[in-house]
Amino acid sequence: MNMIWIMVRIGNGSILGPFNMWTRRKLGEFGTSIRMGVIQMQSIILAVRAMRRYLLTFLVALVPLIMALLPQAAQALPTFARQTGQNCVACHTGGQFPELTPYGRLFKMTGYTIGERTMPLSVMGVASYASVANTSKSDTADSGVSTSNSGSDFYKNGEPILATGSLFVAGKVTDNIGAFVQITHDPYAVAPNGSISGHTVADNMDIRFADRLIDEKRDLIYGVSLNNSPSVSDPWNTAAAWMQYVPVPSPGSHQFVDGTAPYPSFGTGGNIVGLTAYAYLDKTYYGELGFYGTADGAFRIFREGIDDSQITRLQGYNPYWRFAYTRDWGAHNLMIGTTGMLAKILDAATDPTDSGNFSQVRNTGIDAQYQYILDPHTFTAQLAYMQQVTNYSANSLAGTSPYFQANGTDPVAALSPSDTLNTLRLKLAYTYLAKYGGSVSLFDTSGTTSTNQQTSGYDSNGQITSQDPLGTGITSARISGNLLGTPGISGSTLEAFYLPLQNLRLGAQYTAYSKFNGASSNYDGLGRNASDNNTLFLYAWFAF
Amino acid sequence: MHKTMVMLAVAAIALVSGCSNIERSRNLANPEVSAKTLAAQVCSNCHGLDGNSTSPAFPRLAGQQVDYIVSQLNNFRDHQRIDPPGYQYMWGLSRHLSDEQIAGLADYYSKQTVRRDPTESLDAKQIATGKSIFENGLPEEAVIACSACHGPTGQGMAAFPRLALQHSDYLIKQLDIFQNTQGRPGTPMETVTHPLTGPDKAAVAAYLQAFPD
């Protein structure tokens, strides 16, 4: 039974987005976490020092790339801009894609159908450079582990890379039908066998029908969306699918950049299939209801590129809902909303015909967004909070944790039948002239402490080891290990960016962790501290 | 489950794509779409259904002069207006509008009832200063009275736009464009606005937003 448990636990990893390893990696959800973080002056100083040190290298690496792209970038625009003939700032607040303006939201809600049909292709790419504060191994006590080779734990750390590239097939199809289909290549994806290689997969996909009944009496926008991720159809950027700043590189190449810090998300992750119906009345009340299922059969396209063994499998119809109240006044607009989903998710690498392998996950969230948009300033405040309650499958609970207490003989506590995870994200952003911008974001995850979430612990010799030199069969995860079984990541991300062109954004982020996997020090039991994960992330993000 | 979802999706798409939707089209390159439809389905997103925009980033079009709207839409379409909001938002939207659609949009907005922004936050002294500039100009600076061209009630005349009840933030931005850039050529406003100070512009804009009945 231990073996079953280990397999489940590997599949689940942490309890954020637990059941789809690829999706978890894609979202950068390593983990777990804890209480509210505050911005630390020490971190800011470190960030400035680190930026000074690496900026030159980064810029030198970028120049040829930008020069190669400039001729196209100056003339060609992404597909929606071609369709409406408008500049990016019409739909993206201060040019900081993907955040939408009120007009951008209406463009989306009306099914991407404003304008005229054009060539529906766009390309997007991110080049980046990341540097983690401490890349030395945390398990130096184990034999045969080098302290200097950061190996796969920090693959491509400190090297400029082409981090990700996307192809979009998007735009107006008919007066009522439009699409947003993104296919993404990750040059450093982690394959099922653990190797790192280039991989192309179905990313955000939203195909919709929309209509608008508008006259003096009422304004009703309504439609249906066929999509592959809960909230990808949502027009507000506090939605789980859209709050993240930048399409960060996969943890296969870089760990601990912004995407690794927790974002409110749904337990299912993406690459499933759902049909949702939505309505927006009098630019005030928004409602959306839908159901999601496994992306099989005709819907394989929604998870194309992901191995059958790695997709999220759901049992039956899994309901998703979203309601929001919105208000515009002067240059201000406000949204207060709530969202949620109930899902029965197959434990990774288990038999889908056995209903005992399905865990139940309930997500409930609240979110709010305020925007002030009046040239040359934009200001955005966002808040998103998500609670996720996981009721573990009967079969996974039949197992036991492989770990012992420190004496090496007493077992740790029994598996918990359910866990709760609370994730909070706050973000403030400002742009000037749609050219210069910055943001600060605070994140905090907290939740149940349970042995289910332990990925590091004592073996039968009372040792914590990632290499298992004595052959106990019990190992701990280094770097991402969780000794306490407490989900908890707290910290902050600071960002500054510059848009020399409307479709090119150069940015620097610094993410500082005050707590990781429930502890500020020795969170993995192998000596690693939360602040070791502090990361500088420089990027160039372009679309044409 | 899969069959049901496929059927639902196909049914939804078949249901809707079979229907002609010229009355509710958002197609900006189809001359068959009426101006009224475009106003409701596209322009209303920023300017409001009746031309009374909520955000001062976008001008209030209700009650605006027909000739002025026609001239501006032509200027956008012909890329004569090169102020950033002009080209960022309006070049593309206007690029394939027909003359008939432009005339129809101008007619539609000119017939809408202009509404008033809240004025509680405006400063009475500033409004009084603005009133003086609007009615008398600044003789010592050789700034002529706004009312000379825009009418005593700020209602505009032909190619001179209506100003009364326009958003003050929008007016200040336009005065800045006239004064400091070549973004809106072909008007006497570059000369007229030349001597205006920041407080002058704010005052006259406040007065126009609060324009008394």
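No value in this document is a laboratory result; all are computed from the given coordinates. All values derive from a computational prediction rather than experimental measurement. Every residue, glycine as well, gets a Cβ built from its backbone with ideal geometry; the counts of neighbours run over all protein chains shown.
Distance between the pseudo-spin-label points of A:T364 and A:E159 (7 Å out from Cα toward the beta carbon): 4.8 nm. Counting other Cβ atoms within 10 Å as a rough exposure proxy, the listed residues B:M157, A:M243 run B:M157, A:M243 from fewest neighbours to most. Among B:A159, B:A203, B:A142, the largest mean-square fluctuation in a Gaussian network model of chain B, built with springs joining Cα atoms closer than 10 Å, belongs to B:A142. Taking a straight line from the alpha carbon of B:K201, these aspartates and glutamates sit under 15 Å away, with near neighbours fewer than eight places off in the same chain left out: B:D123, B:E135, B:E141, B:D169, B:D176, B:E190. What FRET efficiency do you get for B:N180 and A:L121 if R0 is 41 Å and r is their Cβ-Cβ distance, rounded to the nearest 0.05? With R0 = 41 Å, the Cβ-Cβ based efficiency is 0.55. How much net charge surrounds B:T153 when only the other residues with a Cβ under 15 Å from the Cβ of B:T153 are counted, with Lys and Arg +1 and Asp and Glu -1? Taking every other residue near B:T153 into account, the sum is +1.
Charges only on Cβ, +1 for Lys and Arg, -1 for Asp and Glu: so what's the dipole of the stretch B:124-209 about the Cα centre, in debye to the nearest 20?
240 debye
With both labels modelled 7 Å from their Cα along Cα-to-Cβ, the A:A406 to A:T284 distance reads 6.1 nm. Here the stretch A:450-490 is scanned for amide nitrogen atoms under 13 Å from the site 7 Å beyond the Cα of A:N134 along Cα-to-Cβ, giving A:479.
Relative contact order, whole percent, for chain B stands at 22, derived from Cα pairs under 8 Å and 6 or more residues apart.
Between the Cα long axis of helix B:168-180 and the first principal axis of chain B there is an angle of about 70°, rounded to the nearest 10.
Within the shell defined by Cβ-Cβ distances under 12 Å, the residues around B:S53 carry a net charge of -2, with Lys and Arg each +1 and Asp and Glu each -1.
Between A:I336 and A:L428, full extension at 0.36 nm per residue minus the direct alpha carbon distance yields a gain of 31.5 nm.
Helix B:99-110 and the longest principal axis of the C-alpha atoms of chain B enclose an angle of approximately 60°.
Peptide B:163-170 is shielded by partner chain Cβ atoms: per residue, an average of 1 of them sit within 10 Å of its Cβ. The charge dipole of the stretch B:32-115, taken about its Cα centre with unit charges on the Cβ of Lys, Arg, Asp and Glu (plus for the first two, minus for the last two), comes to roughly 260 debye.
Label-to-label distance, B:D123 versus B:A159, with points set 7 angstrom from Cα along the beta-carbon direction: 3.6 nm. Using the Cα coordinates of the stretch A:398-439, the gyration tensor eigenvalues translate into equivalent-ellipsoid semi-axes of 49, 14, 8 Å, sorted from longest to shortest.
Please report the base-10 log of the normalised intensity I(q)/I(0) for the stretch B:124-209, using a Debye sum with one equal scatterer per alpha carbon and no solvent, at each q in 0.21, 0.23, 0.26 (1/Å). The Debye formula, applied to the Cα set alone, gives -0.99, -1.22, -1.59.
For peptide A:214-226, the mean count of partner chain Cβ atoms within 10 Å of a residue's Cβ comes to 2. Orientation-averaged projection of the stretch B:32-115 equals 4.8 nm² [convex hull of Cα atoms, one quarter of hull surface area].
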